[in-house]
Amino acid sequence: MVSLVLTSPFVVAQEYEKRSPPRKLTTAQAKVAEANYKKYCVLCHGEDRQGHVNDHAPSLRSQSLFESGVPHAILRPLSFGREGTPMGGYLDEVGGPMTLDEVWNLTYWLFEKSGAERVRLSTKPVYGDIKQGEKIYQKECADCHGKSGEGVTGPALGNQSALAHNTDEFIRYAIRHGRQDTPMPAFEDKLSSADIDNVTAFLRSRGKNWEMKKNILKALPTPEQYVINPDGKSPNFELSDGLYVSSHDLNKALVAKNKMVLLDTRVTSVWQTAHIEGAVPLPYYADLEATVKDIPKDVQIVAYCSCPRAAADSVIKQLRGLGYKKTATLYEGIFGWMNMGYPVMHGDVLD
Ligand code: HEC
Ligand code: HEC
């Protein structure tokens, strides 16, 4: 979408109309949704939906998010994820663990828990001076969101999947009102209405019509394929803090064709998109005892995620509890690994 420069000095502060609440869940649906939240989301978004537990995952209870974002600004990231961030897609259609009904119900459950009232936002574009918006962005926003919108302590505002899913008004509402009980300040008293529009237009101008890629789901590896290089030697890792192996050492072991098990502990949809060759999906929410019985205890196991370590650490700790001693977490995570130029396998993804 192209944002135009609006020259009129009369920018009227937006009045928002309240809307009736969306679909109400039955007790049974709410129970399932709560259980799904615990199983899949607590790791990063926290027990109480407070956010910022791991990876600066945003709050899932701030009023402004639920006022302006239900259902789509919740349903879409939850279903399809935000490519290139630790937020993976949970919908079965893209290789995730939840059905469409389940993601809808979890969306409404989060809304009910937030206690927010929905507001009606226009879907029309927000116009502004993109150049001026960029100046404001670099001055007021870049410390937390990154110079290029890559995300630091705040979410990646330049992320193509976020820009594709979030409307102009959704973005403007967040800037105006901030996100309650999080580091995101409300700018309505700090910036003029025109400058809020300018920075919104600047952010929008970064969108490149990202489209959800269609995953052709790859068959998941079977237990016989868990051990890679079964005839190779065992690697001899020196672990930092008794837990971490570096990307450098893991790569060396893979090149030397060492015998190992590599576990990708992220939500399965992102394994489908890219993973380290030979890695099998064992997501952080899997029933470990049922899954690992096929893995011999004497083989070196390395787990990784993009968190960069939270999900992998949680799996490794459980494995150690089950008697798996030769276990380690990849220190830099898979994004660190990729940034250092080490290879990944892409799933069968169509462009
Ligand atoms: C591995 C950590 C992790 C897990 C597990 C996770 N998320 Fe996220 N989530 C994130 C991060 C990080 C972001 C922000 C990404 C970005 O920079 O845009 C995010 C963003 C979101 C957003 C967008 C919020 C906003 O303010 O725009 C929603 C909604 C969301 N997650 C819901 C969920 C739900 C529901 C679950 C469980 C099914 C879940 N997430 C599991 C890390 C995670
Ligand atoms: C002190 C750090 C900080 C500053 C400064 C800051 N933000 Fe944020 N921002 C955050 C955090 C953290 C979040 C996520 C809050 C949460 O948990 O929901 C966020 C969320 C957002 C969101 C919502 C994203 C989504 O997908 O829900 C938008 C839009 C946003 N910020 C825009 C801006 C803009 C534009 C500026 C500058 C005018 C700015 N922010 C300044 C930290 C900051």
Hey, among the residues in the range 88-99 that are more than 6 Å from ligand 1 (Cβ to nearest atom) and part of a loop (DSSP other than H, G, I, E, B), which one's farthest from Gly151 (Cα to Cα)?
Thr99
Quick one: which of Val70, Val103 is over 27 Å from Ala311 (Cα atoms), hydrophobic (A, V, I, L, M, F, W, C), assigned by TED's automatic domain parsing to the domain that holds Gln160 and touching a helix residue (DSSP H, G or I) at 6+ places or on another chain (Cβ under 9 Å)?
Val70
Criterion first (near ligand 2 (Cβ under 10 Å from one of its atoms), in contact (Cβ under 8 Å) with a residue 24 or more places away in the chain, among the hydrophobic types (A, V, I, L, M, F, W, C) and touching a Lys or Arg at 6+ places or on another chain (Cβ under 8 Å)) does Leu110 satisfy it?
no
Here is a list: Leu78, Leu43. Which entry is closer than 17 Å to Leu157 by Cα and either near ligand 2 (Cβ under 9 Å from one of its atoms) or assigned to a helix (DSSP H, G or I) (or both)?
Leu78
If you go through the range 156-165 one residue at a time, do you hit one that is aliphatic (A, V, I, L, M), in a loop (DSSP other than H, G, I, E, B) and within 30 Å of Glu17 (Cα to Cα)?
yes
Check on Lys257, modelled with pLDDT of 95 or more and assigned to a loop (DSSP other than H, G, I, E, B)
yes
Taking the range 144-200, which residues are among the aliphatic types (A, V, I, L, M) and near ligand 2 (Cβ under 6 Å from one of its atoms)?
Leu157, Ala162, Ile171, Ala174, Ile175, Met184, Val199
I'd like the full set of residues that are out of contact with any strand residue (DSSP E or B) (no Cβ under 6 Å at 6 or more places or on another chain) and modelled with pLDDT of 90 or more, limited to the range 260-275.
Arg266, Val267
Does the range 120-140 contain at least one residue that is touching a strand residue (DSSP E or B) at 6+ places or on another chain (Cβ under 6 Å) and under 22 Å from Arg76 (Cβ atoms)?
yes
Regarding Tyr285, is this residue in contact with a strand residue (DSSP E or B) (Cβ under 6 Å, 6 or more places away or on another chain) and in the same structural domain as Ser247 (by TED's automatic domain parsing)?
no
Inside the range 235-254, can you point out the residues that are buried (at least 19 other Cβ atoms within 10 Å of the Cβ) and in a strand (DSSP E or B)?
Tyr244, Val245
Can you tell me which of Thr107, Thr123, Thr85 is part of a loop (DSSP other than H, G, I, E, B), surrounded by 17 or more Cβ atoms within 10 Å (Cβ to Cβ) and among the β-branched types (Val, Ile, Thr)?
Thr85
Condition first: within 17 Å of Asp168 (Cβ to Cβ) and within 9 Å of ligand 1 (Cβ to nearest atom). Now tell me which residues in the range 43-76 satisfy that.
Leu65, Gly69, Ala73, Arg76
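The values are calculated or read from the model by the stated rules, or taken from the named source; none is laboratory data. From a predicted model like this one, the values you see are computed outputs, not experimental measurements. With ideal geometry, Cβ positions are generated from the backbone for all residues, glycine too; neighbour counts draw on all protein chains shown.
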